[in-house]
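Structure first, then comments.
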């Protein structure tokens with residue numbers, strides 16, 4: 001029988017749910033006998049426990065969806081979206097956000113120590129999938145004694161988790177907000193991830209993932225991986241608008257390999273700052289989990305198998321015109337499948353030049369859609 005203990009972590013400024021004797025069987029066949037999930041909550045759970053929203057973070061996100069992040073000393077990554085009187089209104093909703101399995105902000109992952117050992121997992125951590133992350137999240141929701149979530153919300157890798165919830169646990173959720181995702185990770189996206197992984201693994205400080213034993217960190221590799229990835233989160237129009245060919249702190253080119261252009265300086269800054277807050281092995285494991293995500297052949301069959309009475313989920317699918325990482329056509333594949341099976345789905349394509357990262361930036365149409373969808377559906381079923 002699984003033993004569960006929830007503790008407060010003062011240093012991380014969050015709660016840690018410890019699952020002992022959990023025997024969490026992963027898709028790979030490996031088993032985690034014990035595991036931890038770091039999480040934060042915002043707002044209050046109502047008496048009927050009908051106002052809980054689980055927010056699933058993206059690849060480099062964490063449990064600090066709102067409020068203070070003690071790791072970065074900045075506001076949470078979606079503070080503009082989550083809080084009192086914000087689109088996800090914590091005066092009304094009880095919001096939960098956990099660091100995914102395999103993450104590096106307090107949850108069990110390659111940066112954590114092995115069970116009952118004073119040795120860090122490192123490269124020996126087992127391979128994980130989006131499905132494994134969701135199974136762990138379900139155990140957390142069970143530990144919080146919540147039978148049914150009002151909503152699961154996520155963008156990018158978070159959207160993958162939301163979709164996984166809908167296929168594996170349709171009777172545990174009322175609504176889903178799926179932002180900038182797809183039924184599968186495309187060949188192009190896998191290619192970008194592989195270049196980033198190779199940058200890390202070819203850093204001489206990687207040591208097959210056991211760099212903590214060597215008191216070293218593959219900073220250069222991780223920094224380059226972040227720079228590559230960050231390009232995919234932007235759009236050409238956004239880069240042109242923000243940077244163009246402007247020079248960085250100089251009037252003429254240097255005829256060398258320093259950061260002549262502002263875009264170069266910006267990417268180097270993104271790489272350096274990322275190394276300070278993220279673990280290289282977690283980056284490897286989480287990008288791999290995204291690569292393995294593929295519902296393209298099974299999504300329709302899974303939904304057909306689920307009785308309509310068991311799947312009364314209301315879906316909101318959102319895409320962005322300038323997102324070439326998870327383009328509108330890939331989001332529409334989900335919408336078309338749901339429509340063909342008479343599921344309750346709404347779709348919104350937001351016209352913006354901000355690229356894939358639009359869901360993390362100031363985007364009024366997203367705010368309006370989020371607030372309207374959540375509050376209209378909550379009012380219908382939970383008042």
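Every number in this text was worked out from the coordinates using simple rules, so none of it is lab data. From a predicted model like this one, the values you see are computed outputs, not experimental measurements. Ideal geometry is used to build each Cβ from the backbone, glycine not excepted, and the neighbour counts take in all protein chains shown.
For region 269-288 versus region 204-252, the spacing of their alpha-carbon centroids is 10 Å. Counting every other Cβ atom within 10 Å of each residue's Cβ, 249, 216, 282 order from fewest to most as 249, 216, 282.
Note on the chain: GNM, Cα springs under 10 Å; of 155, 372, 103, the largest mean-square fluctuation is that of 372. Apply the Debye scattering formula to region 189-288, with a single equal point scatterer on each alpha-carbon and no solvent, then give log10 I(q)/I(0) at q = 0.14, 0.19, 0.20 Å⁻¹. Values returned for q = 0.14, 0.19, 0.20 Å⁻¹ are -0.60, -0.93, -0.99. In this simple spin-label model, placing a label point 7 Å from the Cα along the Cα-to-Cβ direction at both residue 294 and residue 113 gives a separation of 3.9 nm.
Sorted fewest first by neighbouring Cβ atoms within 10 angstrom, 166, 30 come out as 30, 166. Segment residue 376..residue 138, full-extension length gain: 83.1 nm, with 0.36 nm per residue of separation and the alpha-carbon distance subtracted.
Model label sites at residue 47 and residue 236, defined 7 Å from Cα along the beta-carbon direction, differ in position by 5.9 nm.
What length, rounded to one decimal in nm, is gained on full extension from residue 5 through to residue 147, with 0.36 nm per residue of separation minus their alpha-carbon distance?
49.3 nm
Note on residue 13 and residue 25: the extension gain reaches 1.4 nm, defined as 0.36 nm multiplied by sequence separation minus the Cα-Cα distance.
Between residue 273 and residue 191, the modelled label-to-label distance comes to 2.9 nm, taking each label 7 Å out from Cα in the direction of the beta carbon. Using the rule -39500 (n - 2.57) for each DSSP H run of four or more residues, divided by the residues of the chain, the 222 nm mean residue ellipticity is -10500 deg cm²/dmol. Note: relative contact order over the chain, using C-alpha pairs below 8 Å and six or more positions apart, is 16 percent. Across 300, 241, 268, mean-square fluctuation computed from a Gaussian network of the chain (C-alpha pairs under 10 Å connected) peaks at 241. Across 63, 174, 262, mean-square fluctuation computed from a Gaussian network of the chain (C-alpha pairs under 10 Å connected) peaks at 262.
Among 152, 135, 177, sorting on how many other beta-carbon atoms sit within 10 Å of each Cβ, with the fewest leading, yields 135, 177, 152. Counting only DSSP beta bridges with both residues in the chain, the antiparallel share comes to about 45 percent. With a Förster radius of 30 Å applied to the C-beta separation of residue 365 and residue 217, the computed FRET efficiency comes to 0.15. Per the Kirkwood formula applied to alpha carbons, the chain shows a radius of gyration over Rh ratio, Rg over Rh, of 0.96.
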